[in-house]
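The values are calculated or read from the model by the stated rules, or taken from the named source; none is laboratory data. Remember, it's a predicted structure, so these values are computed and weren't measured experimentally. Glycine gets a Cβ as well: all are built from the backbone with ideal geometry, and neighbour counts include every protein chain shown.
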Amino acid sequence: MKVDIKARLSFPGGTFPPESKELTRDSEIRVGPAVKEVAIMLSQHIGAACRPIVSEGNTVQAGQKVGDCDAFVSALVHSPITGKVKEISLRSHAVLGRSPAIVVEAYAHNPTRHPSFKLYDDFDESRYSSEQICEAVRQAGIVGMGGAGFPTRVKIEPNPEMPKKILIINGCECEPYITCDYRIMLEWTEQIMAGVKLAKKASGCSEVFIGIEDNKPEAIEVMDAAVRTYGDGEKIKVVPVRTKYPQGGERQLIKSILNKNVPTGGIPPMIGVLVLNVATVAAIAEAVVCNWPLTHRVVTVTGEAIANPGNYYVPIGTSVEDLIEFCGGVTQKSAKVIVGGPMMGVAIADLKTPITKTTGAITVLTKYQIGKTKFEKRQTPCIRCGRCLEVCPERLVPTKIAHAVKNNLLDVAENYYVSACTECGCCSYVCPANIELTGYIRTGKIFLARQKKMMPA
Amino acid sequence: MLRDIIVSCAPHIGKPVSTRRIMVDVIIALVPAVAAAGYYFRIRAPILICTCVISSVVTELLCNLIRRKPISLGDFSAVVTGIILALSLPPGLPVWAAIIGSCFAIAVGKMVFGGLGANIFNPAMVGRAFLTASFGVLMTTWMVPATIKGVKMSKIAPENVVDARTQATPLAWSKLAIKQKYGANRYSEENFVATVTGEVGGCLGETCVITLLIGGLYLLVRGTIDVHIPLAVLLSAFVFAGISYLINSYAYVQPFFHLTSGGLLLGAFFIATDPVTAPLTVRGKWIYGAGIGALTMLIRIFGEYPEGVMYAVLLMNAVTPLIDRFCKPVPAGGKPR
């Protein structure tokens, strides 16, 4: 019995940017460059940064822990290659700015790692206890690989105050251009299934839903077949959802699948739900079954200007420059290099920015894709058309918030729930006046948080 | 080729929609109405429309220069204001009055508030209200459409009734019927078709229903306007007209007649839908539209004026900030605790 692909489950608001996934959706995952140097950032996650436990001149092995942290909300970092620590210096991070990183210079005979997970017939997740799984996840330094970077061990560990009953696996990949999760679902299906069962065991959830957008029918079929083969009668179900941006946001995915809203300012465990990205789940399997830490990830290198776009399995810490060069460089004059996708990604200036655990894609856009209006920043005053309200998935009033922040009226911004914004970018995408709504709102959130910290009410 | 990359904030792509494109869509949607105006009122249509557009654009240019702000003519909003103002003027209005009206509409209706997006009241309606208050006789002197044979196009005052066709406007007759308490049913039967095709007296652009509907449909299909405001205006007007008709069908014309006469359709599709002066939320738009429909019918039935759209729009414009306040949406996750 085939799963019904044409899904109608969805959430209010949202918009439909052009998918542009045909550039890389049929590219099999290929091994990335044999790097000479990686820069492992000490903070690739939400929470306290790691401190380095190696120093200049030390030899490190592939998979060796190089950064440790004692705080609860944190994640360890490991070296993906065998080599010598060249230095501990600053590298550019898309969000944090210049941050410390451990730079490792590869030894000459450094074998390139290939994805190599193998699910043996005797795999049985009941062999592992919840504590063992959580500890393995912690030792592997796994963080949310969908982009948020929240330490996964903290996320899946059972919490008696907020019990998690439903596990949702996020295979939506709603951003245009990005196809890494799609390829992982097609090619690493067994690994994902193992990870799903381990995550389910560790968190204590009783039901699993795997949400996939309906523009990926092959992935839906493959995952559905895998669930039937490996599901063992456990409550695991593939749920196709309507393709709309930002379906992959966890709050929107929960609304679509369960028709429940996560409270404003709250997290999904408050309503008993846990959401994990497919890549994270695959990493959990590798950590528990193969005892290998998070050292590599699949990155989609894409954009009409890239010579050989595709999905590449790269060591974490590879610089964007090396990766683009490996893909043949660019063939046209490019306007932006974006870490992530075109809706929520961060445009970078420093091409030596290293790939982190949360980097899903490198998108290179030309002026033509950005559009003349956005490129030249032609703005008119807000005409109060209301399009931003129609598309906001969180049901906010973006124009009011943005203009309050612009005029430094943070109390008005708070009155319109600025902190509830998930920065998806739908409002700026549809604005006819070309106002940078998302930018203003993001600034408002930061200023408001800073203000609250300085003056606790 | 990666040397001149730029950095700006997400999102890095945008829908191909702009303020100017919205205004151009409105201008395109008004072309049928402009054509109908030319057909029925001959040379008066291009004279008035060109006058209003040129005066609006020049006024906005002067205001930008005086305020030392960047020239804002590129968004075409002055052109749209000019055309809508012209279409809502009586065809016989002298050119000098049209110039004064346009200048007032742009300068006081929009620029004084801070330019596009900052005005509270619909600029075209502000201009028309100023003209009605200042030159009342000129604004209520109508012309017979040029297509009516045997009667030369001339100015006729409401009192000098010859026959139904040479009557001032359908609404003036309707007002007479209300006062006399008879004649409404006969009049609306005989002249309903004429109000639809536009062969009646009235303002330049409001007479031909078909062209206005075509324009409104174009805007709806293109996504330039939402269906909420026009539907709310027309439904609300229909309901109140229907109630009055049911009470006394001799004194009050039937509700469809009200929909097709006067500036109700022009108002519903082109004036009330002005985004700057309308509420932001869908719920707010319904309240706003319903209010305009209700106020229009209130003025048409109980007021001294035969036509009420202009004042209804201006009154609801004043209430829009309050509507926005009360229709503030609750975020998806509920109010923060």
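Pick from the stretch A:219-274 the residues that are of a type in the set (Val, Ile, Thr) and assigned to a helix (DSSP H, G or I): which of them is farthest from the other protein chains (Cβ to nearest Cβ)? So, considering only residues that are of a type in the set (Val, Ile, Thr) and assigned to a helix (DSSP H, G or I), the one farthest from the other protein chains (Cβ to nearest Cβ) is A:THR229. Looking only at residues in the stretch B:289-337 that are in a loop (DSSP other than H, G, I, E, B) and among the acidic types (Asp, Glu), the one that is farthest from the other protein chains (Cβ to nearest Cβ) is B:GLU304. Step by step: first the residues of the stretch A:279-299, then only those that are of a type in the set (Val, Ile, Thr) and over 18 Å from the mean Cα position of the chain (by Cα), then the one that is farthest from the other protein chains (Cβ to nearest Cβ). Which residue is that? Step by step, filter the stretch A:279-299, then rank; the result is A:VAL289.
I'd like the full set of residues that are surrounded by 17 or more Cβ atoms within 10 Å (Cβ to Cβ) and more than 17 Å from B:VAL313 (Cα to Cα), limited to the stretch B:226-255. Result: B:ASP226, B:ALA241, B:SER244, B:TYR245, B:ALA251, B:TYR252, B:VAL253, B:GLN254, B:PRO255.
So in the stretch B:116-147, with the set limited to residues that are within 14 Å of another protein chain (Cβ to nearest Cβ) and touching a Pro at 6+ places or on another chain (Cβ under 9 Å), which one is farthest from B:ALA78 (Cα to Cα)? That would be B:ILE120.
Per the conditions (1) under 17 Å from B:ASP25 (Cα atoms); (2) among the hydroxyl-bearing types (Ser, Thr, Tyr); (3) free of Cβ contacts under 8 Å to residues at least 24 places away in the same chain, the sole criterion not satisfied by B:THR273 is (3). Pairs are defined by a Cβ separation below 8 Å, a sequence spacing of at least 6 or placement on different chains, a first member in the stretch B:1-24 that is more than 7 Å from chain A (Cβ to nearest Cβ), and a second member that is surrounded by fewer than 16 Cβ atoms within 10 Å (Cβ to Cβ) and of a type outside the set (A, V, I, L, M); the pairs so defined are B:ASP4/A:LYS333; B:ARG20/B:GLY74. Taking the conditions exactly as written (surrounded by fewer than 22 Cβ atoms within 10 Å (Cβ to Cβ), within 24 Å of A:ILE370 (Cβ to Cβ) and not assigned by TED's automatic domain parsing to the domain that holds A:VAL95), does A:GLY425 satisfy them or not? No, not satisfied. On the given criteria, is B:ARG283 assigned to a helix (DSSP H, G or I), within 12 Å of another protein chain (Cβ to nearest Cβ) and of a type in the set (Lys, Arg)? Spelling it out, B:ARG283 is indeed assigned to a helix (DSSP H, G or I), within 12 Å of another protein chain (Cβ to nearest Cβ) and of a type in the set (Lys, Arg). Of the residues screened, B:VAL34 is one that is more than 20 Å from B:VAL276 (Cα to Cα), more than 14 Å from chain A (Cβ to nearest Cβ) and assigned to a helix (DSSP H, G or I).
Just give me the residues in the stretch A:73-112 being in a loop (DSSP other than H, G, I, E, B) and more than 21 Å from the chain's Cα centre (by Cα), in sequence order. Once the filter is applied, which keeps residues that are in a loop (DSSP other than H, G, I, E, B) and more than 21 Å from the chain's Cα centre (by Cα), the stretch A:73-112 yields A:ILE81, A:THR82, A:TYR107, A:ALA108, A:HIS109, A:ASN110, A:PRO111, A:THR112.
Considering only residues in the stretch A:300-334 that are small (Gly, Ala, Ser), within 13 Å of chain B (Cβ to nearest Cβ) and surrounded by 23 or more Cβ atoms within 10 Å (Cβ to Cβ), the one that is nearest to A:PRO176 (Cα to Cα) turns out to be A:GLY303. Checking each residue in the stretch A:363-384 for being surrounded by fewer than 21 Cβ atoms within 10 Å (Cβ to Cβ) and touching an Asp or Glu at 6+ places or on another chain (Cβ under 7 Å) picks out only A:THR366. Among the conditions (1) under 30 Å from A:THR300 (Cα atoms); (2) at pLDDT 95 or above; (3) touching a Gly at 6+ places or on another chain (Cβ under 9 Å), A:TYR440 misses just one, which is (3).
Scanning the stretch A:350-376 for residues that are farther than 19 Å from A:LEU23 by Cα and touching a residue at least 40 places away in the same chain (Cβ under 8 Å) turns up A:ASP350, A:LYS352, A:THR353, A:PRO354, A:ILE355, A:THR356, A:LYS357, A:THR358, A:THR373, A:LYS374, A:PHE375. The condition of being at pLDDT below 95 and within 18 Å of the chain's Cα centre (by Cα) does not hold for A:ALA335. Residue-level check: of (1) facing chain B (nearest Cβ under 7 Å); (2) in a loop (DSSP other than H, G, I, E, B); (3) of a type outside the set (Lys, Arg); (4) under 23 Å from A:ILE184 (Cα atoms), A:CYS385 misses just (4). Hey, can you tell me all the residues within the stretch B:68-103 that are within 14 Å of chain A (Cβ to nearest Cβ) and assigned to a loop (DSSP other than H, G, I, E, B)? Of everything in the stretch B:68-103, those that are within 14 Å of chain A (Cβ to nearest Cβ) and assigned to a loop (DSSP other than H, G, I, E, B) turn out to be B:LYS69, B:PRO70, B:ILE71, B:SER72, B:PHE76. All conditions but one from (1) away from chain A (no Cβ under 13 Å); (2) more than 18 Å from the chain's Cα centre (by Cα); (3) crowded, with 22+ Cβ neighbours inside 10 Å apply to B:LEU62; the one that does not is (3).
The residues of the stretch A:388-418 that are in contact with a helix residue (DSSP H, G or I) (Cβ under 6 Å, 6 or more places away or on another chain), at the interface with chain B (Cβ under 8 Å from one of its Cβ atoms) and outside any loop (DSSP other than H, G, I, E, B) amount to a single one, A:THR399. For the stretch A:419-437, the set of residues classified as of a type in the set (S, T, N, Q) and either more than 9 Å from chain B (Cβ to nearest Cβ) or within 22 Å of B:GLY223 (Cβ to Cβ) (or both) consists of A:THR422, A:SER428, A:ASN434, listed by residue number. Go through B:THR277, B:THR260, B:THR273 for me and flag whichever is within 14 Å of chain A (Cβ to nearest Cβ), among the hydroxyl-bearing types (Ser, Thr, Tyr), in contact with a Ser or Thr (Cβ under 7 Å, 6 or more places away or on another chain) and surrounded by 22 or more Cβ atoms within 10 Å (Cβ to Cβ). Exactly one residue qualifies, and that residue is B:THR277.
Rundown of residues vs (1) farther than 29 Å from A:CYS431 by Cβ; (2) at pLDDT 90 or above; (3) surrounded by fewer than 23 Cβ atoms within 10 Å (Cβ to Cβ), yes/no style:
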site: B:ARG3; (1), (2), (3): yes, no, yes
site: B:ALA37; (1), (2), (3): yes, yes, no
site: B:THR51; (1), (2), (3): yes, yes, no
site: B:PHE76; (1), (2), (3): no, yes, yes
